[in-house]
Amino acid sequence: MQISLTINGTEYCEEVEPRTLLVHFIRDQLGLTGTNIGCDTSSCGACTILVDGQSAKSCNLLAVQAEGSEITTIEGLAGEDGLHPMQQAFHECHALQCGYCTPGMVLASVSLVEEYPDLDGQGVREGLEGNLCRCTGYQNIVKAVLSVGK
Ligand code: FES
Ligand code: FES
C-alpha cells in the first residue's frame, strides 16, 4: 500500500506492507532512529512520537493508520534557534542518564504540557505513567517538565 504523510516537515509518499508498524516504518524505512523500541507490549513509551500534535506510541499504530498525518519525532523537535524548551529543560535538570527513554519522554512531556499547562508534580507523574525510565528515578524528569510548564 502507498501512504502519504508528513514527518518533521518533510512530505513522504512511501510503499508499506499493511502489517508494518509505524515505529518500524519510521526507524527502518526512513532511518529516523531517534524513535526507540523498548518493549513489545506497548508499555514503555520509548517509541512515543507526536501525531497531529498529540503523543502516541508508534509501536501501537500501523503505518497505514498514519496516512495524512503530521508527525514529529525527536529529530524534528529542535527549531532553528536550537533545542526545544523541553529538550533544554531535560538537559538543564539532568533528567536523563542513558537517554534511551528520553526521546519518548520528551515528546510525551511536550504533549502533556501543551494540554495541561498548570500541572503539579503529581499530575506530571500521572501524565507520564505510560513512559518508563530504567535510570533516573523520575525526580529530575518531573522537575524538567514542571520548569517548562511554568
Ligand atoms: S516500544 Fe512502544 S511502548 Fe515500548
Ligand atoms: S535515561 Fe536511561 S532509561 Fe531513561
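For region 100-150, give me the residue count where each residue is part of a loop (DSSP other than H, G, I, E, B), crowded, with 17+ Cβ neighbours inside 10 Å and more than 10 Å from ligand 2 (Cβ to nearest atom).
Summing the residues that are part of a loop (DSSP other than H, G, I, E, B), crowded, with 17+ Cβ neighbours inside 10 Å and more than 10 Å from ligand 2 (Cβ to nearest atom) in region 100-150 gives 2.
For residues in region 54-68 being open to solvent by 50 Å² or more (accessible area, probe 1.4 Å) and in a loop (DSSP other than H, G, I, E, B), which is farthest from ligand 1 (Cβ to nearest atom)?
By that ranking, first place goes to G68.
Sort through E126, E114 and tell me the only one that's closer than 20 Å to A56 by Cβ and free of Cβ contacts under 8 Å to residues at least 24 places away in the same chain.
Only one candidate qualifies: E126.
State which residue is most open to solvent (accessible area, probe 1.4 Å) when the search covers only region 20-53 and only residues that are charged (D, E, K, R) and closer than 14 Å to A66 by Cβ.
Once the filter is applied, the top-ranked residue is D52.
For region 6-33, enumerate the residues that are assigned to a strand (DSSP E or B) and more than 17 Å from the chain's Cα centre (by Cα).
T10, E11, Y12, C13, E14, E15
Scan region 86-99 for residues that are open to solvent by 80 Å² or more (accessible area, probe 1.4 Å) and of a type outside the set (D, E, K, R) and report the count.
The total comes to 4.
Sort through Q88, Q97 and tell me the only one that's more than 16 Å from ligand 1 (Cβ to nearest atom) and part of a loop (DSSP other than H, G, I, E, B).
Q97 is the lone residue from the list that is more than 16 Å from ligand 1 (Cβ to nearest atom) and part of a loop (DSSP other than H, G, I, E, B).
The values are calculated or read from the model by the stated rules, or taken from the named source; none is laboratory data. A quick note: this is a predicted structure, and the numbers were derived from the prediction, not measured. FYI the Cβ positions are ideal-geometry reconstructions off the backbone, even for glycines, and counts take in every protein chain you see. Remember, those area values only see protein heavy atoms, side chains included, never the ligands or the DNA or RNA. Shrake-Rupley method; radii C 1.70, N 1.55, O 1.52, S 1.80 Å.
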